[in-house]
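Participant: Have a look at the structure that comes next, please.
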Amino acid sequence: MLLSNIKENFERKVIIKIVKKINISPKFITLFSIVLMLIASLFILNKNLQIAALFVLLSGFFDILDGSLAKIKKCTTNFGVFFDRFSDRISDTLLIGSIILTGYVDILLGIVLLSLVLISSYESAVLEFLLKTNIGEKISWRGIRLTIFIFGLLFNYIYYAAIAVTIISFYCFIERFYIAIKKLL
């Protein structure tokens, strides 16, 4: 609940002011967010971690911006919702994959981390479909995961960031599974 309140306040005070002045398609902003994460991944692969952190931050910012723009301009579509979620998984895979490839985390931890992120997202999508509710926004931890990785990149604590994000992702996996048991049985 606290996380969604922080996100709503940020959207209301910052994002809405920016979005009202933009005349670009939300899908373009979503695509731009992926490109920014690809650039971040390339900087990680080249071990330019502070610059990578900046691009992860920018990617996350544009990820928030696309959905806000679609809502404010009243141009949300089913494809837009799909593309936003899909782009988040591409970005997650790029970020975690580059961290694995550079050896900042061992392969087993990286695979467990990536699997938990993807599976918990899948759980959320299925729950939203079956329960006809937008449960993903209420229990999303993506912003927290990205923030942890940004600090890990900035201060060269990527391994510890990966451990923290793995724990959070495991929590998300359990939380969503619990919701499934509670609501679907």
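Participant: Filter the stretch 76-94 for residues that are of a type outside the set (D, E, K, R) and touching a Leu at 6+ places or on another chain (Cβ under 8 Å); which is nearest to Ser120 (Cα to Cα)?
Facilitator: Going through the qualifying residues, I end up with Thr93.
Participant: Considering each of Leu45, Leu94 in turn, give the residue that is touching a helix residue (DSSP H, G or I) at 6+ places or on another chain (Cβ under 7 Å) and crowded, with 16+ Cβ neighbours inside 10 Å.
Facilitator: Step by step, each of Leu45, Leu94 is checked, and only Leu94 is touching a helix residue (DSSP H, G or I) at 6+ places or on another chain (Cβ under 7 Å) and crowded, with 16+ Cβ neighbours inside 10 Å.
Participant: Right, next: From Leu113, Leu146, grab the single residue that is under 20 Å from Leu36 (Cα atoms) and either surrounded by 15 or more Cβ atoms within 10 Å (Cβ to Cβ) or acidic (Asp, Glu) (or both).
Facilitator: Among Leu113, Leu146, only Leu146 is under 20 Å from Leu36 (Cα atoms) and either surrounded by 15 or more Cβ atoms within 10 Å (Cβ to Cβ) or acidic (Asp, Glu) (or both).
Participant: What is the one condition in (1) among the polar types (S, T, N, Q); (2) assigned to a helix (DSSP H, G or I); (3) surrounded by fewer than 21 Cβ atoms within 10 Å (Cβ to Cβ) that Ser59 does not satisfy?
Facilitator: For Ser59, the exception is condition (3).
Participant: Mind telling me which of the residues Lys20, Lys74, Lys7, Lys13 ends up being surrounded by 14 or more Cβ atoms within 10 Å (Cβ to Cβ) and at pLDDT below 85?
Facilitator: Lys7
The values are calculated or read from the model by the stated rules, or taken from the named source; none is laboratory data. Computed from a prediction, not measured in an experiment: that's the story for all the values here. Cβ sites come from the backbone with ideal geometry, for glycine too, and all protein chains shown count toward neighbours.
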